[in-house]
Amino acid sequence: MSSQVMSSRTRTGSRMLRCMALACLVGAGVLAAPFAPEDNFFSAAYAQKKEKPKAKRTETLSKPAYEIIIKAQEALQAELDSVALAEVNKILSNCSKYKPYDCAVAHQTRGYVYANQDNYRASAQEFEAALSSGTLADYTALDLRYNLAQLYLGMEQYTKAIQSLEIWFRQAENPGAEALFLAAQAYALVDRLSEALTYAERGMAKALEPRENWYRLTLAIYLELEKFNPALPLLEKMVTNWPTKKEYFSQLGALYQEKDRHKDSFAMLALAYNNNLLNKSDEFVRLAQLYRFYDYPYKAAKILEKEIGAGRIKKNKKNWEELGMAWLQAREHKKALRPLTNAAALAKDGDIYLLLCQTYFQDEEYAKAARDCQNAVNKGGLKTNGGTAYQLLGIALDNQDKKEEAVKAFERCLDWESTERDCRRWVRHVNSKIEYERKEIERQAAVQADAEARAKKQEEDINRVLQQSGDFGETIDQ
């Protein structure tokens, strides 16, 4: 199992499953059907039954009770709960004067009033009283049993809810998706996950358009039971149906990782970005890293540049370096310089300055290369790269005709075994150039001195000849 899926399950586990089940319960409402004007209070959960169960003879209300119940129903529909209670209490305060069926319907009606007031405990007691009379029509009792299960779920009395549902399912024909998911919720809430999954899968098959919370509950059960194969197509439908829900993209990406479908996992993260669902710095950086991994460095660099500029990615050493490396991988060396310089300034060691030095070398900018190699060795912490930094510094200095400084740099890199051999050659090479230049200077000085000596001698010879010519002229004159 992938670490992402395992860590998610470890963190959430049953708590997530419980939240999903409770969310389904809240989304459905505690009672699936509102109060109906007739005495059957027909539930939407039972709406898909093929036919009514075979029933005993249907009871009818006595005329006095009928008039009271009608008034109570009208008050309840008008949200006049106190009026409705006052009406049904006329029967329940003196049941001995009414038929058992009249009292059962009064209990049922009062139960709906209490449910309307969110007094679930009192509502459940009324429904139990109505059912225990044994006078309600079978289909009415069936729907009331379903409502009772909902109430027990709302009160977190899950065992009683399951007991009511088990009775209901034994009697109901062709139950609808709502009922199946109510059972799935109840079983999930007591960690009876295999039974919960059975009902959830039946509910998903039954529903023409499953609700989102039904998908969520089914998915939570699959993940808790580590049934990743059926969870995968379910999540794929969820991503399609609810493309603005970030959590579904994240979960699907994690499942793809679990199934070693790493490129599909990357695609989910990219799609979430395109849908504007990402909002954390680490998410943007992770996406950029994946683009680089799959050899799309230019796209990675553009995302990082955009999100850093927008302030959605933190401006720290790691992220500046990530942007610089993306540009380098995309062979955009000049664009890499600014983010790498920012990263180098924030770094604790000189490694990024060394990278900058190497980058400037590619464009033969030796002065800048020497500057950043010097920055690298000054900042330190280079570990095994120290020799490389000094070697590159020496080469950069040599290319600027700073040979004595270059020799000093090469001599420093002799301290690293990885560069000792090459740097020793560089020392000899640069020293030989220095020696050649020294000898050339001496040779040129000697040539100059010889030329000057010859010129001086020639001048002396000319002067002597001129002197002799002057003496000869004087002799003739005499």
- Message: Checking understanding here: applying a Kyte-Doolittle mean of at least -1.0 and a length along the axis of at least 30 Å (C-alpha), which whole DSSP H helices in the chain pass?
- Response: 3-28
- Query: With charges only on Cβ, +1 for K and R and -1 for D and E, what is the dipole size of the chain about its Cα centre, in debye, rounded to 20?
  - Reply: 1820
- What is region 351-477's relative contact order, in percent, from Cα pairs under 8 angstrom and six or more apart in sequence? 15
- Note on the structure: From fewest to most C-beta neighbours within 10 Å, the residues ARG412, ARG425, ARG211 line up as ARG425, ARG211, ARG412
- Query: Do the sum for the chain: with -39,500 (n - 2.57) for every DSSP H run of n ≥ 4, divided by all residues, what is the mean residue ellipticity at 222 nm, to the nearest 500 deg cm²/dmol?
  - Reply: -25000 deg cm²/dmol
- Task: Kindly flag which residue pairs out of LYS315/LYS383; LYS206/LYS227; LYS71/LYS97 have an alpha-carbon separation exceeding 23 Å in this structure.
- Result: LYS315/LYS383
- Item | Given charges at beta-carbon only (K, R positive; D, E negative), |dipole| of region 227-268 in Debye | 60
- Query: Which order results if TYR360, TYR436 are arranged by neighbouring Cβ count within 10 Å, fewest first?
  - Reply: TYR436, TYR360
- In percent, what relative contact order does the chain have, based on Cα pairs under 8 Å that are 6 or more apart in sequence? 9
- Query: In the chain, with Lys and Arg counted as +1 and Asp and Glu as -1 at Cβ, which of these residues, MET155, THR135, VAL88, has the Cα nearest the positive end of the dipole, that is, farthest along it?
  - Reply: THR135
- Among ALA396, GLY380, ASN431, which residue has its Cα positioned farthest towards the positive end of the charge dipole of region 351-477, with +1 placed on the Cβ of Lys and Arg, -1 on the Cβ of Asp and Glu, and the dipole taken about the Cα centre? GLY380
- Note the listed values (i) 212; (ii) 260; (iii) 185, then indicate which one is volume of the Cα convex hull per residue in Å³ calculated from this particular structure. (i)
- Message: Explain nothing, just the number: dipole magnitude of region 351-477 about its Cα centre with +1 on each Lys and Arg Cβ and -1 on each Asp and Glu Cβ, in debye rounded to the nearest 20.
- Response: 820
- Query: Among rounded, prolate and oblate, which fits region 351-477 when a ≥ b ≥ c are the square roots of the eigenvalues of its C-alpha gyration tensor, a/c under 1.5 means rounded, and a/b larger than b/c means prolate?
  - Reply: prolate
- Item | Unit charges at the beta carbon, dipole of the chain: most positive-side option, MET238, LEU76, ALA330 | LEU76
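Each reported figure results from applying straightforward, stated rules to the coordinates on display, with no laboratory input. Not measured: the values here are computed from a predicted model. All Cβ positions, glycine included, derive from the backbone under ideal geometry; neighbour counts span all protein chains shown.
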